[in-house]
Amino acid sequence: MLELDKLSLAIGKQSLVRELSLQLQPGQLHVIIGPNGTGKTSLLRALFGELPLQQGEIRFGGHALSRRHGASWRRQFGYMPQNTQLELELSVLEVVVLGRLDSLSMRLSDDDILAALSALQALGIAHLADRAMHSLSGGQRQMVLFAQVLLRDPQIMMLDEPVSALDLQHQLQLMEHLHHQTRAKNWVSLVVLHDLNLAAQFADRLIVLAGGTLQAFGPPAEVLDAGLIHRLYSVPVDIHRDRDGKPYIRTLRQASLCA
Ligand SMILES: Nc1ncnc2c1ncn2[C@@H]1O[C@H](COP(=O)(O)OP(=O)(O)OP(=O)(O)O)[C@@H](O)[C@H]1O
């Protein structure tokens, strides 16, 4: 279990997250939603050990994150940050193999290369293997970096807006893959999404953040309602339910936004 105990984060004098306590279970997909600038990325960076904690504690498997053990802490994670803009001369296959960096010796083993190829195949992008990373489109790059993070085979998987550049088919493919692997590998998965319908379809638990504080935590069917969404985004919505009882959301147009 990944535990956050009264976690507070700040950059300089600006408070980003306040007194956040959560228990995140292995085998479950947790989706973080909330308005822009509300601390979602900062939270992932703190969990990864990239942003110092102002107060509180993060524990995984009984061990607390500490500065001294930063490198071994990070080894437990697969982390795909928000910015996927990489001007690398490396080929796609080389970038994906880098997912094995921690266990690489001076030479790549055949196993590493086969694992990278099979990740590319599973995501339907094996045809990109020899392309230079810098020559790819934004969506192609996002899929390749997802393949790279899969290769780490982590215990905790964190993806920051991983579908922001993807078309509908690839959004579904990435989320289905993540959902399946989270169950199969017993990952604690944490994903930041802005698409509430995608979040409602795939999340076991939603983590709703606004203004750096936890607004709600639970299954989408229990958490998402028109009142919460209006409080978060000041946008009126209709909420419907699909055959499985999962909510789906339709925004209502507002002439007043066009001042
Ligand atoms: N390096 C930094 N220096 C100063 N302020 C920062 C820094 N990184 C983030 N912030 C501020 O911290 C707040 C939270 O940022 P964060 O990126 O965590 O939000 P977010 O919820 O992920 O936003 P978005 O949905 O827009 O990606 C914002 O007000 C942002 O301007």
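Counting only the Cα atoms, the range 1-77 fills a convex hull of 93 Å³ per residue. Of the two radii for the range 86-153, the radius of gyration is 0.94 times the Kirkwood radius, both from the alpha carbons; that is the Rg over Rh value.
Here the Gaussian network model covers the chain, with springs between Cα atoms less than 10 Å apart; of Gln201, Gln169, Gln181, Gln169 fluctuates the most.
Dividing the Cα radius of gyration of the chain by 2.2 N^0.38 Å, with N the residue count, gives 1.04. Rounded to the nearest 0.05, the FRET efficiency derived from the C-beta distance between Ser72 and Gln121 at R0 = 25 Å is 0.20. Taking the inverse of the mean reciprocal distance over all distinct Cα pairs, the Kirkwood hydrodynamic radius of the range 58-181 comes to 15.2 Å. Beta bridges from DSSP with both residues in the chain: antiparallel share about 60 percent, rounded to the nearest 5.
Relative contact order, whole percent, for the range 86-153 stands at 54, derived from Cα pairs under 8 Å and 6 or more residues apart. Inverting the pair-averaged 1/r between distinct Cα atoms of the range 113-259 gives 17.1 Å as its Kirkwood hydrodynamic radius. Any lysines with Cα under 27 Å of the Lys246 Cα? List them, leaving off those in the same chain fewer than 8 positions away. Answer for Lys246, where 27 Å is the Cα cut-off: Lys40, Lys185, listed by chain and number.
What is the calculated FRET efficiency for Leu101 to Glu3, with r their C-beta to C-beta distance and R₀ = 30 Å, to the nearest 0.05?
Approximately 0.65, to the nearest 0.05.
Rounded to the nearest 500, the 222 nm mean residue ellipticity of the chain from helices alone is -9000 deg cm²/dmol, with -39,500 (n - 2.57) taken per DSSP H run of at least 4 residues.
None of the figures in this text is laboratory data; all of them are computed from the coordinates on show. Everything numeric in this text was worked out from a predicted model, so none of it was measured. Reconstructed Cβ throughout: ideal geometry from the backbone, glycine too, with neighbour counts over all protein chains shown.
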